Amino acid sequence: MIYLDNAATTPPDPAVLETFNRVCEGFWANPHSLHRLGERAEQLLEQARAQVVDMLDGRGYRALFTSGATESNNFALKGVAEQYRERGRHIVSTNSEHPSVERVLQSLESGGFSVTRLPVGSDGAVTADQIQAALTDETILVSTMFVNNESGAVTPIAEIADLLQSHQALYHVDGVQGIGKLPFSLREMPVDLLSLSAHKFFGLKGSGVLVLRERQAIASQVLGGGQEFELRSGTVDVPKAAAFAKALRLAVTDVAEKLKRTRELNRTLRKSFAGMQGVACNSPESASPYILNLFVDGIKPETLLQGLAAEEIYISTVSACSSKKAELSPVILALTGSEQRARNAIRISLSCRTSALDIQRFLEAFRQVVNKLR
Ligand SMILES: Cc1ncc(COP(=O)(O)O)c(C=O)c1O
C-alpha cells in the first residue's frame, strides 16, 4: 500500500497509542476531583498543556484542549465575535479557507457581522498588504490558514502577525496543515489564536487544541462546570491531552530535516509530472512540499482515484471534507481561475514517513493508470 492522503489524516503512531493507553489505565480519575487520584490526573493534564505550549515556543500562551480543529476554529471565531461585538463587527479572511472557518463566517454574517474575503494571488495566499488595506476601525478579527489544505499555499503569517501588533484586531490562524511540517514559533509568529488537530500528525482523531494568549478573553462556547479556564466545560479527556502532547512532540522533532527530505520528494514528483502530457501542477512552486495539487486533463478525478486504489495507492480528489460532493474546488478555482482545473484536481499529500521508493512506485502506477484511462 502507498498512502498519499496524509492531509486528510494519518495513522496514529504506536507511541501515541501507548501513551493514550497508559494514561487511560493509570490516570482515569476526574482531573477536577480534589482527592489524590484526581490531583495526579490533573498534574498530568497540566504537564501535557505546558508541553504543548512549550513545543510551540509559546511563553505567555495557554492551550485549550478541544475535539479537533473544527471545534478550535469554531471556538476562535465565535468566541472572539461574541466577546468583541460591541467593539466592531468586521472580520477579514480569505476566499480559500477550510469549511470549518468559512461556514462560521457565513453564520456570523447572518448574525450582523460583515466579512471581507480577500482573494488569494497566483501563489494561493494573501499578502500582509492586502490585509492592511482591508482593516477598518471596526475590524475585530483576521483569520487565515497557515498552509492551505488543498493547494499547500503558505500564508505569510509572521508578516501578518507583525502588522496586526498595532491594530485592535486579533489574528487567528488555522495551523492544521502547517504545524509539525514547517518551522513554527509563537515567539517569531505571534498570532493571537492558533488551531491544531492531532490526527494530521500521527495523533488521534477527535483531539485538537486552541492556543491563545494567557490573558486573552473570549466568550465561552460550552457552559457548565467551568473547566478549561471557564471556556469549555466538561470533564477533560486527560489521555487524549497526553496523547496530543506526545504526537506534537514527534511532529516537531527534526522538522527542518523532514521538510528537506519532503522537498526532494516533491521535486521528483514535479519533475516527472512536467514530462507528462495533459498533467500540470495546480500547487504553486512556493507551496508546502507536503501537498501537491494536480490537474489531469481528460480523466475524471474519481475514475483516476479508483484506478490508483486498485493498485493500492491512495490519494484524494479535493479535500476529504468535500470530496464526496463531487463539485469543483473553490480553492483551486480561486488559485488558478480555471473551472476545468478546479474540476479535474487531485491531491497528493505526503508525510515525513513517505519514502523515495513510495514516490517511485506511485509514479510508475500513475503513468500506467493514466495511459490506460485515456
Ligand atoms: C486546514 C484544516 N482546518 C481544519 C480541519 C478540520 O480538522 P478536524 O478534522 O480536526 O476537525 C482540517 C481537516 O481536514 C484542515 O485541513
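Values in this text are rule-based calculations from the coordinates and carry no lab data. In this text, all values refer to a predicted model and were calculated from it rather than measured experimentally. Cβ: placed from backbone, ideal geometry, glycine included. Neighbour counts: every protein chain shown.
Amide hydrogen proximity for residue 281: with H placed 1.01 Å from N in the peptide plane, the residues at 5 or more positions away or on another chain lying under 5 Å are 295.
Taking every DSSP helix (H) stretch of at least 4 residues in the chain, weighting each as -39,500 (n - 2.57) and dividing the sum by the residue count yields a mean residue ellipticity at 222 nm of -12500 deg cm²/dmol. Separation of the range 246-268 from the range 105-174 is 27 Å, based on Cα centroids.
By the Kirkwood approach, averaging reciprocal distances over each pair of separate Cα atoms, the range 198-334 gets a hydrodynamic radius of 18.8 Å. Per-residue Cβ neighbour counts within 10 Å put 164, 259 in the sequence 259, 164, beginning with the fewest.
In straight-distance terms, cross-link reach from residue 200 covers every one of the lysines whose alpha-carbon lies under 18 Å from its own, apart from those fewer than eight places away in the same chain; here that gives 181, 240, 246, 258.
Here's the list of aspartates and glutamates a cross-link from residue 300 could span, going by alpha-carbon distance under 16 Å and ignoring same-chain residues fewer than 8 apart: 327, 339.
Take the alpha carbon gyration tensor of the range 39-105, find the square roots of its eigenvalues, order them as a ≥ b ≥ c, and report rounded if a/c is under 1.5; if not, report prolate when a/b exceeds b/c, else oblate. Since a/c reaches 1.5 and a/b is larger than b/c, the shape of the range 39-105 is classed as prolate.
Sorted by mean Cβ packing within 10 Å, highest first, what order do the peptides 176-185, 229-238, 269-278 take?
176-185, 229-238, 269-278
Compute the long axis of helix 69-84 from its Cα atoms, compare it with the longest principal axis of the Cα atoms of the chain, and write down the angle in degrees, 0 to 90, nearest 10. Helix 69-84 and the main axis of the chain meet at about 50 degrees. Residues of the range 331-374 with an amide N closer than 13 Å to a point placed 7 Å from the Cα of residue 306 along the Cα-to-Cβ direction: 373. Return one number: the angle in degrees, 0 to 90 and rounded to the nearest 10, between the long axis of the Cα atoms of helix 36-55 and the longest principal axis of the Cα atoms of the chain. With both axes taken from Cα atoms, the answer is about 50 degrees. Taking a ≥ b ≥ c as the square roots of the Cα gyration tensor eigenvalues, with a/c under 1.5 meaning rounded and otherwise prolate when a/b beats b/c, else oblate, which class fits the chain? It is oblate, given that a/c is not under 1.5 and a/b is not larger than b/c.
Peptide packing: for 355-366, 285-296, 147-158, the average count of neighbouring Cβ atoms within 10 Å per residue gives the ranking 147-158, 285-296, 355-366, highest mean first.
Axis of helix 356-373 versus longest Cα principal axis of the chain: the two differ by about 50°, to the nearest ten degrees.
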